[in-house]
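Below is one structure, written out as structure tokens; comments come after it.
Please treat every number below as a calculation from the coordinates, not as lab data. Here the structure is a predicted model, which means the values were calculated and not measured. Cβ coordinates were reconstructed from backbone atoms using ideal geometry, including for glycine residues, and neighbour counts include every protein chain displayed.
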Amino acid sequence: DERNPNSVMAAIHQARENCRTFRDLLPAEFWERLNTLFLFVREHAGISSDSRHARYAFLSEVISRRHALVGLLISSMSQDNVYQFIKLGRNMERADMTSRIVDVTSAVILPQDHGLQKTTGASLWLGVLRAMSAFEMYRRHVSVQVHSNQVVNYLLKDGKFPRSMKYCMGEMEVALAHLPNTGVPSEAVRRARRRLDALKLVNLRPDLLHEYLDQAQKDLAMVHRTIQGTYFARDASGFDDMPKGLHLSAVQA
């Protein structure tokens, strides 16, 4: 439903409109592939609900094409300021999505009694790891067994997995280091990282984890606002030649 801003169709439509804003800054092939993805989703989204098989095939194709788009940007764009803003937006979205996935899953599992956690927790966290393409890396670097606290720790605090919150925040700092006038945004990211580093996940109570994740989402929102105010607002001073009035969402991918 394109009227739902969180739907697949609405997200891809918005990405297409955003890229139209600065199409001349992107590789031509990227726009072509994004437009093809938009047309594919518009044509097939309706029939994807006919069966579980159709839904799986449709979503797998969307994910595959989305991965191809990101790979195209990484392999064909100069590592200039435009690329750094795309990198900022991508990692901000990843960190936020990881925090929400962990928050929702923890709210379902952690309040259960110990016996029920053992029977349902492992399967739910296994599903989360697979959905985030994290299962093999978790097995390789953490454990062949799936345990709630270990999964939460991995998804929040692992410094090498590209979808963990810690890794994403690190990439945001790297991107900001390539841009001018990053004092306020960089401090906002560092503040979020310090809060994450201070989080102790051993025997963490569900309410405290939720409280932290809620604050983490507020921290990321603050990072967004500082970047918006520094570079994209009409009175921004980050770049003399930055098109004023452009919203940060236009460079998030």
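Counting the residues of the stretch 197-221 that are out of contact with any Phe, Trp or Tyr (no Cβ under 7 Å at 6 or more places or on another chain), outside any helix (DSSP H, G or I) and hydrophobic (A, V, I, L, M, F, W, C) gives 3. Considering only the stretch 82-97, I want to know if a residue exists there that is without any contact (Cβ under 8 Å) to a residue 60 or more places away in the chain and among the charged types (D, E, K, R). No - not one qualifying residue is present in the stretch 82-97. Would you say Val152 is surrounded by 19 or more Cβ atoms within 10 Å (Cβ to Cβ) and either in contact with a Phe, Trp or Tyr (Cβ under 7 Å, 6 or more places away or on another chain) or among the aromatic types (Phe, Trp, Tyr) (or both)? In short, no.
Scanning the stretch 29-88 for residues that are within 30 Å of Ala177 (Cβ to Cβ) and among the aromatic types (Phe, Trp, Tyr) yields a total of 4.
Scanning the stretch 177-196 for residues that are touching a residue at least 40 places away in the same chain (Cβ under 8 Å) and either closer than 18 Å to Tyr154 by Cβ or not in a helix (DSSP H, G or I) (or both) yields His178, Leu179, Pro180, Asn181, Thr182, Leu196. Candidates in the stretch 3-40 are the residues that are among the hydroxyl-bearing types (Ser, Thr, Tyr) and touching a residue at least 24 places away in the same chain (Cβ under 8 Å); of these, the one that is surrounded by the most Cβ atoms within 10 Å (Cβ to Cβ) is Thr21.
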